[in-house]
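Participant: Quick one: this structure, given as structure tokens, is what I'll be asking you about.
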Amino acid sequence: MPLQSIGWWSRPIAYVERARARYGKRFTVRLFGSPPFVMHSEPDHVREILTAPPEVLHPGQGARILEPVVGSNSVILLDEAAHMEQRKLMLPAFHGERMEALTGLVARVTEQEVDGWPRDEPIALHPRLQALTLEVILHAVFGLDAGPRLDALRSKLTPLLDFGARPLSMLPQLEPVIGRLGPWREFMRLRAETDALLYELIDERRAAGDEEGDDVLSMLLSARHEDGSPMTQQELRDELMTLLVAGHETTASQLGWTFERLSREPRVLARLREETAAGDDDAYLVATLQESMRRRPVLPNAAPRLTMEPVEVGGWKYPAGVLLVANSYLLHHDPDVYEDPYSFRPERFLDSPPGTYTWIPFGGGRRRCLGASFAMLEMRVVLRAVLRQGGIESAGARGELPRRRNITISPAGGARVRIPAAAREPVAA
Ligand code: HEM
């Protein structure tokens, strides 16, 4: 078991590829301190897992590692009726038209960030993309404008979220035992300070009757439970942290992979630049993002679902207490599902759009990523901005290896690229 745990953490992709080669599309991983994970990557089995009744499989229980940061009301941690109730409160804020209304704001924030990136020298894009996606969330989700509060929250959240990248934070069950140790004390201090800032923001916005804005917090302030009551301060705090944790590192890593791949795919890059220059629709750009998510899904599996009662998937019977996992990485790299799965070929999605149970970077069923439209919008805007500013070149000979950063998998070298100095054009929305 210790060897499995080390392999799983240190070489996440190579580990599952090797296991599939050895044991087939279904195999079990036993990790220290956790129920067994059973990996599935056959499309029919993936569908069975993602559409199982809510009382049978509990993804919320599988996500407990996030609790110290997101709090116990988080939609990610809940199951059954409590999950549905919270999800219903949040859904309207993420609808297509709401997202469209945010496009201009996201483009403005993006333009400012991308403008500040150095030109004509090798740079690690990943940390810059983390700063960018944090900025986008603080403006578009929290509704903050430039000023001291934005600065204060940014300065607390950056180290707080970074804490999540350290292995200790993966073991919240140890919190009572190691609560007095240095890193945990520091984490808890930062969390208390961040919470104080968030409560202040929520109180002020509520007192001002601020429910009309385009930002996500405005929508959450106007949301009502079935009995007509508004979301509590604690619920709002937990969901804001949830959106931050779920939406910041994921989008930054996915963009990191997109640029890492594109810097090594001159043919795709040339076609993208042509499309952007011609001002055509962005079908190829969207297909490129879909291909990036197929080839490098930053969450290599949907949330593990804990079996609450005996259940059958793909003809196998499982007892209660097992984590069933729809493995996106393996599904996306199955030659029975995708022709030539290791090549980067956005064209495959121009011919036929991604399938519900064959392309699952956002998971699926009633737990499908709430921020999928938001993430797609943001990634479209950022990719277009970089293409307009002269594109991207590789800053190293070899492709970067996948590295686990807490729950996401990002490029080990930080997505090192070079952005050529070119005439800077304004970013179109
Ligand atoms: C490229 C970026 C992103 C990727 C790849 C991604 C992927 C995922 C995945 C795989 C899940 C689990 C779904 C399942 O198990 O069926 C998830 C859940 C979730 N995501 Fe995302 N996500 C991204 C961006 C975002 C953004 C920007 C937000 C919000 C601003 C967000 C909010 C959420 C929430 C709230 C959930 C929990 C949904 C629930 O349990 O009902 N995500 N995401």
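Participant: If you take every residue apart from GLN234 with its C-beta less than 13 Å away from the C-beta of GLN234, what net charge results, scoring Lys and Arg +1 and Asp and Glu -1?
Facilitator: Combined, the nearby Lys, Arg, Asp and Glu give -4.
Participant: Going 7 Å from the Cα of LYS25 toward and past its Cβ, which residues in the range 298-318 have a backbone nitrogen under 11 Å from where you end up?
Facilitator: 314
Participant: Leaving ligands, DNA and RNA out of it, work out the accessible area of ARG11 with a 1.4 Å probe and give it in Å² to the nearest 10.
Facilitator: Accessible area, nearest 10 Å²: 130 Å².
Participant: When ligands, DNA and RNA are left out and all protein chains stay put, how many square angstrom of accessible area per residue does the range 1-148 have with a 1.4 Å probe?
Facilitator: With all protein chains present, the range 1-148 gives 45 Å² per residue.
Participant: Also, I was wondering about something else. If the chain between ASP280 and TRP316 were fully stretched, how many nm would it gain, using 0.36 nm times the residue separation less the Cα-Cα distance?
Facilitator: Full extension of this stretch gives 8.1 nm more.
Participant: How big is D for the range 263-315, in µm² s⁻¹ as a whole number, if Stokes-Einstein is applied with the Kirkwood radius of its Cα pairs at 4 °C and 1.567 mPa s?
Facilitator: The Stokes-Einstein estimate is 90 µm²/s.
Participant: Let me ask another. Using only the Cα atoms, what convex hull volume per residue in Å³ does the range 242-291 have?
Facilitator: Convex hull of Cα atoms, per residue: 82 Å³.
Participant: For GLU309 and ALA152, FRET efficiency with R0 = 51 Å and r from the beta-carbon atoms, rounded to 0.05?
Facilitator: Computed FRET efficiency for ALA152 and GLU309: 0.60.
Participant: Multiply the residue gap between ARG368 and ALA81 by 0.36 nm, knock off their C-alpha separation, and tell me the result in nm, one decimal place.
Facilitator: Between ARG368 and ALA81, full extension yields 101.7 nm more.
Participant: From the helices alone, meaning DSSP H stretches of at least four residues, give me the mean residue ellipticity at 222 nm for the chain, per-run term -39500 (n - 2.57), in deg cm²/dmol to the nearest 500.
Facilitator: -16000 deg cm²/dmol
Participant: Over 23 Å, how big is the tail of the calculated P(r) for the range 279-429, in percent of all Cα pairs?
Facilitator: 48 percent
Participant: For the chain, which span is the longest to avoid every loop-located (per DSSP) member of GluC sites (Glu not before Pro) having at most 13 other Cβ atoms inside 10 Å?
Facilitator: Counting only loop sites that pass the neighbour cut-off, the longest clear stretch is 56-211.
Participant: Now for a separate question. Taking 22 Å as R0, compute the FRET efficiency from the Cβ-Cβ separation of GLU193 and ARG64 and round it to 0.05.
Facilitator: Efficiency, rounded to the nearest 0.05: 0.35.
Participant: Carbon and sulfur: what percent of the chain's accessible surface (1.4 Å probe)?
Facilitator: Accessible surface attributable to carbon and sulfur in the chain totals 54 percent.
Participant: Just need the relative contact order of the chain here, percent rounded to a whole number, with Cα pairs under 8 Å and 6+ apart.
Facilitator: Taking the mean separation of contacting Cα pairs over the length of the chain, I get 27 percent.
Participant: So if I take the alpha carbon set of the range 2-418, get Rg, then get Rh from the Kirkwood formula, what is the Rg over Rh ratio?
Facilitator: Here Rg/Rh amounts to 0.95.
The values are calculated or read from the model by the stated rules, or taken from the named source; none is laboratory data. It should be emphasised that the depicted structure is a prediction, and the values quoted were computed from it without experimental measurement. With ideal geometry, Cβ positions are generated from the backbone for all residues, glycine too; neighbour counts draw on all protein chains shown. Calculation scope for accessible area: heavy atoms of the full protein, side chains included, ligands and nucleic acids excluded. Shrake-Rupley method; radii C 1.70, N 1.55, O 1.52, S 1.80 Å.
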